[in-house]
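Computed from the coordinates by the stated procedures, all read-outs in this text should not be read as laboratory data. Just so it is clear, the structure is predicted and the values come from calculations on it, not from any experiment. Note that we place each Cβ from the backbone using ideal geometry, even for glycine, and neighbour counts take in every protein chain shown.
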C-alpha cells in the first residue's frame, strides 16, 4: 500500500476549518453551522490532500 502524506490532509483541514470558524457570526443554530463547516472542510482537505499526494508522490527507481 502506498504511503500517503497525512500531514497534507491535516494542514488543509485545520486551515479551512479555522478560517471558517473565524468568519462565522454566531447564529441561532451554532452547532449546525460548525458541523456543516467541519464536513465541508473535510471535503476540501480530501480533494487538496489527494492532489498534493498525487503531484508529489515518490517515484520508484529501478
Potential extension, residue 31-residue 56 segment - 0.36 nm per residue separation minus Cα distance: 5.4 nm
Residue 24 paired with residue 11, simple spin-label distance in nm, labels 7 Å along Cα-to-beta-carbon: 2.5
Cα convex hull of the range 6-55 - mean projected area over all directions, nm²: 3.2
The range 6-55: relative contact order as a whole-number percent, Cα under 8 Å and 6+ apart: 64
